[in-house]
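J.: Structure incoming, see below.
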Amino acid sequence: ANVFPPSREVLEGPAHIADWFVGQRKSGMSEPVLATLEVVVDGDVAYEVGTYEFRFDNGAGASWVDAGRYFAIWKAQADGKWRNQVATW
């Protein structure tokens, strides 16, 4: 999988993606909310469009919300499972 965070380098592979989100959680990200608006499937490929919201708290009383839209591409695997290929927001 590849993830394209806004204004960041491409996160390639599950370990890099997980490390990035662990770092975000350590920096105060909490309460993630994802809402799927649409999924379109064409054979073994699908795309998903939705909205997201993440709350951040800097630990000193200041908090803010990052909200917007996301887009993801999924691919069906030989074992029947769907795996995320690309995501951006």
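The values are calculated or read from the model by the stated rules, or taken from the named source; none is laboratory data. This one's a predicted model, so the numbers in the text were calculated from it and none came from an experiment. Glycine gets a Cβ as well: all are built from the backbone with ideal geometry, and neighbour counts include every protein chain shown. Just the protein is used for accessible areas: all its heavy atoms, side chains included, with ligands, DNA and RNA removed. Shrake-Rupley method; radii C 1.70, N 1.55, O 1.52, S 1.80 Å.
J.: Does Val39 fit the bill of being open to solvent by 70 Å² or more (accessible area, probe 1.4 Å), in a strand (DSSP E or B) and of a type outside the set (S, T, N, Q)? First the steps, then the outcome.
T.: Details: open to solvent by 70 Å² or more (accessible area, probe 1.4 Å): yes; in a strand (DSSP E or B): yes; of a type outside the set (S, T, N, Q): yes.
Taking the combined requirement at face value, the residue satisfies it.
J.: Follow-up question, since we're still on this one. Considering only residues of the range 58-89 that are part of a strand (DSSP E or B) and farther than 22 Å from Ser7 by Cβ, which is least open to solvent (accessible area, probe 1.4 Å)? It would help to see each step written out before you state the result.
T.: Taking the range 58-89 and keeping what is part of a strand (DSSP E or B), we get 63-76, 82-88.
The next check asks that each one be farther than 22 Å from Ser7 by Cβ; those that pass are 74-76, 82-83.
Numbers: Trp74: 76, Lys75: 70, Ala76: 27, Trp82: 106, Arg83: 108 Å².
So the residue we want is Ala76.
J.: Considering each of Ser7, Ser27 in turn, give the residue that is of a type in the set (Ser, Thr, Tyr), more than 13 Å from the chain's Cα centre (by Cα) and open to solvent by less than 80 Å² (accessible area, probe 1.4 Å).
T.: Numbers: Ser7 fails: open to solvent by less than 80 Å² (accessible area, probe 1.4 Å).
Ser27 is the lone residue from the list that is of a type in the set (Ser, Thr, Tyr), more than 13 Å from the chain's Cα centre (by Cα) and open to solvent by less than 80 Å² (accessible area, probe 1.4 Å).
J.: Which of the numbered conditions does Pro32 fail, given that it passes all the others? Conditions: (1) closer than 30 Å to Gly80 by Cα; (2) under 13 Å from the mean Cα position of the chain (by Cα); (3) outside any strand (DSSP E or B).
T.: The one condition Pro32 does not meet is (3).
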